[in-house]
Structures are given as C-alpha cells and as structure tokens.
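Enquirer: First, the structure itself, so that you have it in front of you.
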Amino acid sequence: MSSGYSKAHNEHVSRVLRTAQSAPTLPVPSSIVDSWRRSVLHQVDPGSLQGPRVLEAHQLNEHRQRIDDFLRLAGDEIGRLHHRVRDADYCVMLTDTLGCTVDYCIDSTIKGEYRRAGIDLGTCWTEDEEGTTAVCAVLVDKQPITVHKHDHFRAAFIGNTCSAAPVFSPSGELFAVLDVSAIRSPDDRRSQHLIRQMVIQSAAEIENAYFMYSTQDLWVLRAHALPGYVDSQPQFLFAWDSDGVIQALNPAARRLLIQRHGRIPLTVQEAFASARLPNASDDSVHYLPTLDLHVRLKAPRRSTFVPATSKVVEALDPKVAQALELAVRVKDRGLPVLIHGETGAGKEHFALQLHKASKRKDKPFVAVNCAAIPENLIESELFGYTAGAFTGANSKGMRGLLQQADGGTLFLDEIGDMPLMLQTRLLRALSEGEVSPLGASRPQPIDIQVVCASHRDLAVLVEQGSFREDLYFRLSGARFEIPPLRERTDKLALINKLLDEECERSGERFGLSDAGLEVLLNHSWPGNMRQLHHALRYACAVCAGQVIGVQDLPTTLGVSAPAIGVETAVGNPERQALIDALVRNRWKPVLAAQELGISRATLYRRVNQHGIHMPGKGSYN
C-alpha cells in the first residue's frame, strides 16, 4: 500500500473526528467513531502501514495452553464456519482476551497473501496497538461488530473487512473473540450483514459447547421456546450446584433473569419461584408455561445416585437462603463477614457457598480452624516463614495460609479461640494489606477477603478481655446467624445431599427406607450437620444391602439396634426376598421380576407395600 493511501486515510480520520459532534450524518457508524477516539488517546498513528505484532512460537504456545480445553471444543465450530465462508476467500480467527490469535482457519492457497496483509496465527489485536479493528472493538465493547475497509483506524488495514463477536464464559466474563476476515470485499458495508450473523451464531454455538463442558458436575437446565431446539440449539442455559446456588448462565439466560428480577438471583429457587421444574429422575422435555419455554434437566456427571425422595432442588431454609444472598452482596462490596452458629451447624459450608457465589469464586478458598491448630504452630501456619527462620523449619520455608489465600477468600473458623498475640498480628495484616512471614526482612502484599466464624459470641469475649475490640470491629462488617439443624426446614435436602456425597465417596449406591428417613427427619441433632454426616457414613458402612433402614442407623439416634446376626428379614422374608432380587439384578425391575416369577406390575406394588425405595426411582403406583 502506497504512502498516498496512508496520507489520504490520515486526512479521512481527522476530518471525521473533527466533524463528528456537529455533522448530522457520518460516513462511519458511531461505534467506530468511539473506537477511533480511543485510538487517538492511545496515540496510534492512523497513517501507519506497519503490520500487527506477532507472537514468537513459544509465546503463542503459552497463550494456547491457558485455554487448551476451550480450543479443542471451539475447533469443530471454527471449521464448520470456515466451510460456509471459504468460497468467498474469508478466513476465520479466534483470539483470546488479550487479542492474540490462538486459532486460525484458511485455505492454503491464499494463506501467504493473508499473512502479508497481517492476518495470521499469533497476530495480536489490541486497540492501544492496532487502533480500530473488529477484534479490538469487541475486546472493549463486548458487542458484535463489523469493521469494513476504511472503518479501520490504521491505513495498513483499510483493504480488509472483518466481523467479530464475543464468546463469554459460563461465569459471564469475556473469554474469546471469534472473527471472520477478508482482504477483498464489496465496498458496501451491508454486504457483510450475513457474515456478521454467521459469526454471532457460531460464537453462541462455541459458548454453549464450552458451557456444557464446564458444567458437567452441576445441574444444567437447557431451554428454548421450541421443543425441537432444546438439545441441539438451546437458547437459555442455567447451571446450579447441589445447594441450588446458581453457578453459571449463558448470556441469554443472564439477560432473562435480569429482565424478570432486575438482577441475577442467587439461587435457582428464587430464579424459578413460580415455575415447577422437572424431577431429578425425569430427563424428558417439559413445558414451563410461566416462562413459555420448553426445558430439559441434566443431572451432574458425578451424581452417583439421587435418593428416591429427592427433588432436583429442595427449597433452602428461608433463613439460610436470605442470609446467603445478603452475605454475597456485602462480601462483594469488600465488607468482612462474620458467621455465628452452633458447632457443626455448617458454618464452613456456608462460607464456601458464599465464596462460590462471590466475585472471587475463581480464586483460592483457604479454610483455617483456629481452634484445631496448636498455639505454638498457629503463627507459622498463618503467616509462613522463610528458610532457616527457626530450628526445625522447612529448608525451603513455607508460604503462610494468608499468602495462600491471596486474591481469594480466607475463612477463619472458631476465630474466638485465636490467641491475643496473634490477634494483634492478624489485625495489622488486615489493616495494612501485607503480611510478614517469620524471618522475612520485608512484608509482602496480600489481597484477601476475610470470612470468620465462631460458635461463641465475640462481643461477650471482647467484654471479658479475651478478644481485641478493634479486631472485632474489623471482622464484623456484617454478621449472619446459621440456624441449628433442628430448626431448619430443609433437612430433607440436606440428608439427600450428604447421602449422595457419601455414595460418590465410596462408589456404592444406597437408598433410604421410609422408616429410616423418618428417624433422620425427626431427630433433634444436637451435633448438627457434623452428627448427621457421621450418622449417614455409619449407616452406609454397616448396611448389608443397598437400602438403609432403621436397623442401620447409630443407636445414639435413639433407635434400637437388632441383635447380632438377626436381620429384619426374619420378621419379613418377602421384603428381604424383593431386596435381594433387586440387588442381584442391579435394581433393574424387569430382571428382578423375572427372577421372582412375578409380573413387573406385581413387583412394583410389593415394593411400595414394603416401603422399599429403589435408587434413582420414585414410587410406583
């Protein structure tokens, strides 16, 4: 390209920017003018004919390795998109959030020509370096755009046309940019309208593929206005964990929830308060009239077994749900959170859910039980030490827990048991935002969000002189109460969740009999969640079959244990025969019925009569 083109383009850019405020119409869209203004602020030369910066091979590999899984998933759609545009000599590029081209699809016959035009694998496209291009504009505005010929800020690219669209991660952050470019095209910008729509559609396909890959261990609801598109091209994607806390949304789902609620609800119960979601064992397409959407629910990959009594999501206890939602709001404002509740009530679990729902969810969550670490070790555990700091120290030193939590959340459980001397050091670290490991000559900066918990009233400890008043006010930006298990309305959901976790841990499958479940629901649980967890682990360990009955529960729950060697089958041989046949046939009703010589309908009726719950199944009528 000649210097004459360079000079003419320089004058064109200057003229448009000069008249942009007063002219009724402009030769370029307003979004392009905005990008030009930013390019001027970045001191980019519009007359420059230099090509873009290109990464070295090892640098390109580093960029690709950071998103390796994503690139494997995106590759198929990039190939499909290129197949649709190749006859018009377009190439397809994918860049990361730094503007570096990490994937590239082009016919080999025109590859050299495009490389000379500055379009190649490893090229870098950022507004502060290259001015206005489609990739650069999307990185800033996060909106699809076409930058056509003289829309480009730099003269080096005014022969090109490019259309690009953002690709968002399941957490809603910009993750990549998909771009289709050509070095020859009609002068009319409208000629690129179809190309732009194809790029937007392919970007959505890549988003959805990565969403489904990233949420395999979550509950996922796929939705579309038309039932035939729920699986192949879902319009809305929602994902939540076993506690019902929303963990991922695609852009359309995010917009829908904001439109309905004015914000993103914390839990799926709130998001779908007026809609009846499908049951866990039902994977067919359902219609939700309140949303006018057809949906299909997918269970988590690691969910080995969903108990028969379980729904997809049981309603969280209202007190806990409200506390969690408020805690997320104050934590994301930078306020420290103090959790109070009885021992074993689930304070650490609450803190973890709070972290997972906060802006720091992709950063470390470090939990410290201040009452469990010996007093002579807690200082080195919290603050770390350098090599040779004291006799017996690790020869390489050790990073303290505060440093390990850098960027994320530090959970200090039983903070009321921390020695006064360490309270002083902790206060200084939190106040100054830096930590001094033992033996270190200079402090090191840290950025942590603190969540504390205690079963003791810290205000009372302050009055007694065993807890520093200034540290108390530093930590208690907002206080939340976790009710004991006996007062919670979501005991059924908690039982199901803990049993599911135990099944996953052991690799076995267990269900609960009605009688066993009734004992668990009615117990007072003085040891709270910890006691419930231990009771279920005990029951799974001693259960002779795959259905946990009253006889399998710890006697500490107030139930009588059977005599050694005496099974419930002695009093009910038919029930035991049914269970034995089902277990031998891996809980397949048809095979069990054939073995017993009865019809499947008869087997279902007897299963109900004897209160047998089959793993992953509901009642049979």
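Enquirer: With the cut-off at 1.5 for a/c, could you classify region 393-501 from its C-alpha gyration tensor as rounded, prolate or oblate?
Expert: Cα axes put region 393-501 in the oblate bin.
Enquirer: At 222 nm, what value in deg cm²/dmol follows for the chain if DSSP H runs of at least 4 each add -39500 (n - 2.57) and the sum is divided by all its residues, to the nearest 500?
Expert: It comes out at -12000 deg cm²/dmol, rounded to the nearest 500.
Enquirer: Multiply the residue gap between GLN322 and HIS12 by 0.36 nm, knock off their C-alpha separation, and tell me the result in nm, one decimal place.
Expert: Fully extending the segment from GLN322 to HIS12 adds 105.8 nm.
Enquirer: Right, here's the next one. Using a Förster radius of 41 Å, what is the FRET efficiency between SER524 and ILE598 based on their Cβ-Cβ separation? Nearest 0.05, please.
Expert: 0.50
Enquirer: Which lysines have a Cα less than 16 Å from the Cα of LYS359, not counting those fewer than 8 places away in the same chain?
Expert: Answer for LYS359, where 16 Å is the Cα cut-off: LYS331, listed by chain and number.
Enquirer: Moving on to the next point. Quick one: helix 573-584 against the long Cα principal axis of the chain, what's the angle to the nearest 10°, folded into 0 to 90?
Expert: Between helix and principal axis, roughly 30 degrees.
Enquirer: What lysines sit close enough to LYS497 to cross-link, taking a C-alpha to C-alpha distance under 20 Å and skipping anything fewer than 8 places away on the same chain?
Expert: Candidates past the 8-residue exclusion: LYS298, LYS311, LYS319, LYS347, LYS356, LYS617.
Enquirer: Right, here's the next one. Counting chymotrypsin sites (Phe, Trp or Tyr not before Pro) as exposed when in a DSSP loop with at most 15 other beta carbons within 10 Å, what is the longest stretch of the chain free of them?
Expert: 1-389
Enquirer: Still on this structure, I have one more. By how many nm would the segment from ARG605 to GLU508 lengthen if fully extended, with 0.36 nm per residue of separation less the alpha-carbon distance?
Expert: 32.3 nm
Enquirer: Measure off 7 Å from each Cα along the Cα-to-Cβ vector at ARG399 and THR109, then give the distance between these two points in nanometres to one decimal.
Expert: Those two pseudo-labels are separated by 5.3 nm.
Enquirer: On the principal axes of its Cα set, how long, how wide and how thick is the chain? Give whole Å, largest value first.
Expert: The principal-axis extents, from largest down, are 99, 71, 48 Å.
Enquirer: So how far apart, in nm, are the two label points at GLN43 and LEU591 if each is 7 Å from Cα heading toward Cβ?
Expert: With each label point 7 Å from Cα toward Cβ, the separation is 7.5 nm.
Enquirer: For region 105-204, state which GluC sites (Glu not before Pro) are in a DSSP loop and have at most 13 other beta carbons lying within 10 Å of their beta carbon.
Expert: Answer in residue order: GLU173.
Enquirer: In straight Cα distance, which aspartates and glutamates are under 17 Å from LYS111, not counting same-chain residues fewer than 8 positions off?
Expert: Answer for LYS111, where 17 Å is the Cα cut-off: ASP87, ASP89, ASP103, ASP120, ASP179, listed by chain and number.
Enquirer: Residues of region 527-543 with amide nitrogen under 20 Å from the 7 Å Cα-to-Cβ point of VAL460?
Expert: Within reach of a label on VAL460, which here means backbone N under 20 Å from a point 7 Å along Cα→Cβ, region 527-543 contributes 527-528.
Enquirer: In addition: Residue by residue, what Karplus-based ³J(HN,Hα) values in Hz, rounded to whole numbers, does region 436-449 have, using 6.51, -1.76 and 1.60 with θ = phi - 60° and x for Gly and Pro?
Expert: Listing the rounded values in order: 10, x, 4, x, 7, 8, 9, x, 10, x, 9, 10, 10, 9 Hz.
Enquirer: Can you give the Rg to Rh ratio of region 12-124, both from alpha-carbon atoms, with Rh computed by the Kirkwood formula?
Expert: Using Cα coordinates only, the ratio equals 1.05.
Enquirer: Scale the Cα Rg of region 486-609 by the rule-of-thumb value 2.2 N^0.38 Å and send over the ratio, two decimals.
Expert: Relative to the 2.2 N^0.38 Å estimate, region 486-609 comes out at 1.13.
Enquirer: Net charge around SER35, counting only other residues with Cβ within less than 12 Å of its Cβ (Lys, Arg = +1; Asp, Glu = -1)?
Expert: So the surrounding residues net to -3.
Enquirer: Another question about this same structure. Pop out the Kirkwood hydrodynamic radius of region 215-298 from its pairwise C-alpha distances, inverse of mean 1/r, in Å to one decimal.
Expert: 12.7
Enquirer: Separate question: Output the 0 to 90 degree angle, nearest 10, between the alpha-carbon long axis of helix 57-66 and the longest principal axis computed from the alpha carbons of the chain.
Expert: 40
Enquirer: Now for a different question. Given points 7 Å out from each Cα along the Cα-Cβ axis, report the SER476 to ARG86 separation in nanometres with one decimal.
Expert: Once both label points are built, they end up 6.9 nm from each other.
Enquirer: Relative to the longest principal Cα axis of the chain, at what angle does helix 600-609 sit, 0 to 90 degrees, rounded to 10?
Expert: Orientation of helix 600-609: about 60 degrees from the principal axis.
Enquirer: Can you list the residues of region 469-504 with backbone N under 20 Å from a point 7 Å past the Cα of ARG428, pointing along Cα to Cβ?
Expert: 469-475
Enquirer: Stretched out fully, how many nm does the piece from SER284 to GLN50 gain, at 0.36 nm a residue minus the Cα gap?
Expert: Value of the extension gain: 78.6 nm.
Enquirer: Provide Rg and Dmax in Å for region 318-482, with only Cα atoms included in the calculation.
Expert: 15.6, 52
Enquirer: Further, regarding this structure: Defining a contact as two alpha carbons under 8 Å apart and six or more residues distant in sequence, what relative contact order in percent does the chain show?
Expert: Result for the chain is 9 percent.
Read the figures in this text as sums done on the coordinates, not as results from a lab. Nothing here was measured: the structure is a model prediction, and the numbers come from that model. Note that each Cβ is placed from the backbone with ideal geometry, even for glycine, and that neighbours are counted across all protein chains shown.
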